[in-house]
1. Applying the selection to the range 439-463, what residues are assigned to a strand (DSSP E or B), closer than 28 Å to Asp384 by Cα and more than 16 Å from the ligand (Cβ to nearest atom)?
2. Are any of the residues in the range 170-177 assigned to a loop (DSSP other than H, G, I, E, B), at pLDDT 95 or above and among the aromatic types (Phe, Trp, Tyr)?
3. Give the residues of the range 178-198 that are away from the ligand (no atom under 15 Å from the Cβ) and part of a loop (DSSP other than H, G, I, E, B), sorted by residue number.
4. Condition first: of a type in the set (Asp, Glu), in contact with a Gly (Cβ under 7 Å, 6 or more places away or on another chain) and at pLDDT 95 or above. Can you find one or more residues in the range 445-463 that meet it?
5. If the requirement is being more than 30 Å from Gly179 (Cβ to Cβ), at pLDDT 95 or above and within 16 Å of the ligand (Cβ to nearest atom), which of these qualifies: Ala375, Ala367, Ala338?
6. For residues that are more than 18 Å from Thr463 (Cβ to Cβ) and either part of a loop (DSSP other than H, G, I, E, B) or touching a Gly at 6+ places or on another chain (Cβ under 6 Å) (or both), tally how many sit in the range 359-380.
7. Of all residues in the range 477-499, which are more than 16 Å from the ligand (Cβ to nearest atom) and surrounded by fewer than 20 Cβ atoms within 10 Å (Cβ to Cβ)?
8. The conditions are (1) under 30 Å from Val72 (Cβ atoms); (2) at pLDDT below 95; (3) within 14 Å of the ligand (Cβ to nearest atom), and Thr148 fails exactly one of them. Which is it?
Amino acid sequence: MALNASASTRSSTGGGDTGLVFDPDAWTKLTTTVTDTEGTEHAVTYHFWKAITYVAKPVDATYQSLNVSVPVEIDGTAVDASDAPILFANSVGGYMPSSVADATGVGGASMGGGTGGGAPSGAPTASASASAPGANGNTNATGGAMNTNQLLALAAGYVVVEPGARGRGLKNSAGEYYGSAPAVIVDLKAAVRYVRSNKGRIPGDTDRIVSAGTSAGGAVSTLLGASGDSPLYDKYLREIGAADASDAIFAVGAWCPITDLEHADGAYEWNWGTNTLSTGKQVDQSVSKDLRAQFAEYQATVRLRGLKGSGFGTLTARNYDAYLLKQYMEPAATTHLAALSDSERETYLAKNTFITWDGEKARFTWADYLTHVGARKKSVPAFDAFDLSAGENNEFGSATTANRHFTAYGARNDTTGLSTKRVESDIPELLNLMNPMYHLVEKVNSKRSRHWWIRLGTNDTDTSHVISANLAARAENLGDEVNHLYYWDQGHGANTDPADFITWIAEVTG
Ligand code: DHB
């Protein structure tokens, strides 16, 4: 990416009473070449605004700032993006801090501690690499996927806003943690509010903000969509001096969202309970069984119907395997096989004899699918670990306690010496603040997004496939438009149809 002569250098967020007034002239002009998914190169010239602090009272501006990229010329033709959709692309991974402060252009965010700004010892290690492993073995495959979205969006003439956000592990000089839940979602909401309150100054249509993120970033993207304008966040937004504007967004893009965390342990065991770990060992089957029973109970109470056309009524622990198979896994394999040449398909089918191919459709059993995926990534419980070692234990930490339990079952079986054997009293509210399902099930938020793009790899064992399928079912049951597909044989963080996402944005915002 080449840095062109700039018309003006960046200044800090301009005047105004709140200090939250975007300076339309403070851009740097950049050029980049975007290779589209057909292999065609596009020359894109864009205006780039860097590291704009989006709250009046930042806790840590390293994270609470955003970048804006606005295309002005594509393949030699001038473009006017003043009414274009806005891709709001976070780079959250592993629920860790994400910063755009050092980015030199679109898609250049860093995760895992960013650059100084009080990042303490004990915080996640600084890393500019999008594939850096997280503190508890969470691997962030986030960067590549999201980067592609941003570049393709720019080449399509959209505005790209890239917010940073606080994340777990950040510790101040007083030794207090300041990035655990709900900091990430509060920051992203504040960033949306900043963009909307600067309508007309920041190019783009603030009524067509489309959020995107992968994994933990996918989770907070769905949460942003589900929780638009929820009063639950007001006190947190006030504390950091967020702009006074709506934080509702138009549409959600989410890749492998790691969400619904308080139900994720049960759903995980229902899905992957009998798969061995990469060591070849099975997890404790009595714990797995307890959790599976919890999933069955939850699923029975939430009462979700299968997607339209699936032929499935209420989804339960008994029919969910058949549902996932028919609705997602077999269609994914079918798409994959149909795209191969005859000889490639023959080779693939010879290696994967569990698949029956009738010339049009792939069919297989759930048990064979599980065997095909192989090792489960996580131990048991996958999210609220008895020894508090999961990243999510850290995400639900407090200012003074690094890692905490967030489920009754996790707390009851604690192995770290927790005398109460109960979750702390603030946990229930934190769970609501972090869970899109709360805003779609317990509340039916009328300010939610009505368009949902959800993607997952069939080999992804970072969470249960039920998590996304439940979210999709609930959104569609409420009448929203849902576009949810799986990528066959792909793992965590995959994004193999980014051009389709860009087209979908045009369709839903058009
Ligand atoms: C991510 C991955 C996980 O397995 C998890 O539990 C949380 C986050 C991630 O890649 O962002």
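The values are calculated or read from the model by the stated rules, or taken from the named source; none is laboratory data. The shown structure was predicted, so the numbers you read here are calculated from the model rather than taken from an experiment. Cβ coordinates were reconstructed from backbone atoms using ideal geometry, including for glycine residues, and neighbour counts include every protein chain displayed.
1. Scanning the range 439-463 gives Trp452, Trp453.
2. no
3. Matches in the range 178-198: Tyr178, Pro182, Asn198.
4. yes
5. Of the residues listed, the single one that is more than 30 Å from Gly179 (Cβ to Cβ), at pLDDT 95 or above and within 16 Å of the ligand (Cβ to nearest atom) is Ala375.
6. Here the count works out to 5.
7. Within the range 477-499, Asn477, Leu478, Gly479, Asp480, Glu481, Asn483, Leu485, Asp489, Thr496, Asp497, Ala499 meet the criteria.
8. (3) is the only condition that Thr148 fails.
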